[in-house]
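K.L.:
The structure follows.
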């Protein structure tokens, strides 16, 4: 006869020796327990499926007739440690001095073309700005892996030194900063390469270190950090133009260097990485796995889970680091898991297409406004040509359009961060990218006056802020919520940006060539930028669908495992019930036979 766990083995009697009757006077308590009538209440309760803590899919698999209520959704909580919010402010300042300077490059380009380098081609100026983007993005996979290993402070210090050094040298290599005294090569070296190297240390750091604190509010935190680029894109152009008019180019750049140094120094003291975040350390050589000897392994008895006095749970501390990875191994820097992940590949293609056409809008906006007489670059508006009697004198300087676009992008970054936590990062990201492409094709190409230009910069700025600020949040959504998966966030984001770096380098240069080649006909870059953004949105939708398919496949695997466990548990319950029935029946028959003999 089968025996279930926790059920006492029934007593077996031979046919020749029937069980003797036991009365309350001549039998001991132990004998009454062994041979007396069965107390059904004293029998151990069988383990049922509904008493175990199972996942929702396993309960759903129970023939669809489970009456238990669904477990409530876990409420998203805010961090309670004050260091999380100082880190959020520090990440904001890092983004202020990385992509914020890139967003303000259009004002630098306008002054280069107008004063310092009046005889140079437009693609040369675009090359300086695109080199900044290229260096920032191409080093992201190295910076991201160093962040996963815990090198937050050295990266911030190196970034502060290089960024401030490059800006200071920019005020030295252009002579007196007067008409025709600029040097395109030296400007490319100090502003494109040196500043780009420093900003590369800030870019991934700003979002990765903040994401370790805001696990449940990751979209909001990354949105706040990304707003730093928008605020810098508002402050730097206005500050640069005002100081150039008042003190000259070299002095203006030195004041900007001072502001950059103070904000970077403040971020060094504000940022504190989350000590509970799991690190993936590096080593100069592959370390063998270490296992303590058996004599030193703690036993369960040495570390009880609860105490008898206070009943407080004592849990062993979880390790915050994994085994070190060899620093010279290729898989340390390029995660092979990402290269086999369809959602990662599709989303990386989307970000590459986005950078291919995105920054051409920011770099060439002031030139478009000046050529279409929507605004003017100099201190006074130019007079109307004699052959254009219907000409309207522009009433706004072109750098204000760039400042308005960057200011409105801050609204888009903050609102999209809220929508990401509510609807999902990939859904919001794909939607705003498609809308941005439509705005370039439909609204920018039809703007003919100042009101149309302002409408475009406000709307495009609001949506483009979400486009450029959401890639880390979308990649975090692709990875999943687990700590093991989130430990790869810095490396995956860095790999994504590194693949997109050549597109960020060549896109603005190609657009500058189109403008020069077709006689400042801006329809080429308007449709080029819009088409790239539309293709990017399409790839994001594919990544979203594939990601949903992967999640559905994981759920189906969980459902199958749940069904197997349900079937196994039902078989165990059947054996328990049959064992109990046979035990109760045999004891009841023996009791009935004894009373019958007594009668």
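K.L.:
Under the condition of being within 19 Å of residue 377 (Cβ to Cβ) and modelled with pLDDT under 90, which residue from the range 221-236 is farthest from the chain's Cα centre (by Cα)?
P.N.:
If we filter the range 221-236 for residues that are within 19 Å of residue 377 (Cβ to Cβ), which is where we start, we get 233-234, 236.
Cutting the leftovers down to modelled with pLDDT under 90 gives us 233-234.
Values: 233: 23, 234: 25 Å.
Checking each candidate, the answer is 234.
K.L.:
Please go through the range 443-452 and give me each residue that is assigned to a helix (DSSP H, G or I) and either out of contact with any helix residue (DSSP H, G or I) (no Cβ under 8 Å at 6 or more places or on another chain) or crowded, with 24+ Cβ neighbours inside 10 Å (or both), ordered by number. Steps first, please.
P.N.:
Taking the range 443-452 as the starting set, the residues that turn out to be assigned to a helix (DSSP H, G or I) are 443-446, 450-452.
Once the filter is applied, which keeps residues that are assigned to a helix (DSSP H, G or I) and either out of contact with any helix residue (DSSP H, G or I) (no Cβ under 8 Å at 6 or more places or on another chain) or crowded, with 24+ Cβ neighbours inside 10 Å (or both), the range 443-452 yields 444, 450, 451.
K.L.:
For the range 472-486, does any single residue satisfy the condition of being under 18 Å from residue 534 (Cα atoms), modelled with pLDDT of 80 or more and either over 28 Å from the mean Cα position of the chain (by Cα) or part of a helix (DSSP H, G or I) (or both)?
P.N.:
Keep residues of the range 472-486 that are under 18 Å from residue 534 (Cα atoms), which gives 474.
Now narrow it down to the ones that are modelled with pLDDT of 80 or more: 474.
Those left that are additionally either over 28 Å from the mean Cα position of the chain (by Cα) or part of a helix (DSSP H, G or I) (or both): 474.
Yes, some residue in the range 472-486 is under 18 Å from residue 534 (Cα atoms), modelled with pLDDT of 80 or more and either over 28 Å from the mean Cα position of the chain (by Cα) or part of a helix (DSSP H, G or I) (or both).
K.L.:
While we're here: Which of the residues belonging to the range 192-224 are surrounded by fewer than 24 Cβ atoms within 10 Å (Cβ to Cβ) and either touching a strand residue (DSSP E or B) at 6+ places or on another chain (Cβ under 8 Å) or part of a helix (DSSP H, G or I) (or both)?
P.N.:
Residues satisfying the conditions are 192, 193, 194, 197, 220, 224.
K.L.:
Can you tell me which residues in the range 153-207 are more than 36 Å from the chain's Cα centre (by Cα) and within 23 Å of residue 270 (Cβ to Cβ)?
P.N.:
Once the filter is applied, which keeps residues that are more than 36 Å from the chain's Cα centre (by Cα) and within 23 Å of residue 270 (Cβ to Cβ), the range 153-207 yields nothing.
K.L.:
Taking the options 103, 97, 119, name whichever one is loosely packed, with under 11 Cβ neighbours inside 10 Å and modelled with pLDDT of 60 or more. Talk me through it step by step, then tell me what you get.
P.N.:
Values: 103 fails: loosely packed, with under 11 Cβ neighbours inside 10 Å; 97 fails: loosely packed, with under 11 Cβ neighbours inside 10 Å.
Matching residue, one of 103, 97, 119: 119.
K.L.:
Being touching a residue at least 24 places away in the same chain (Cβ under 8 Å) and either surrounded by fewer than 21 Cβ atoms within 10 Å (Cβ to Cβ) or out of contact with any helix residue (DSSP H, G or I) (no Cβ under 9 Å at 6 or more places or on another chain) (or both) is the filter here, so list the residues in the range 139-151 that pass it.
P.N.:
Within the range 139-151, 142, 149, 150 qualify.
The values are calculated or read from the model by the stated rules, or taken from the named source; none is laboratory data. What you see is a predicted model, and the numbers here were worked out from it, not measured in a lab. Ideal geometry is used to build each Cβ from the backbone, glycine not excepted, and the neighbour counts take in all protein chains shown.
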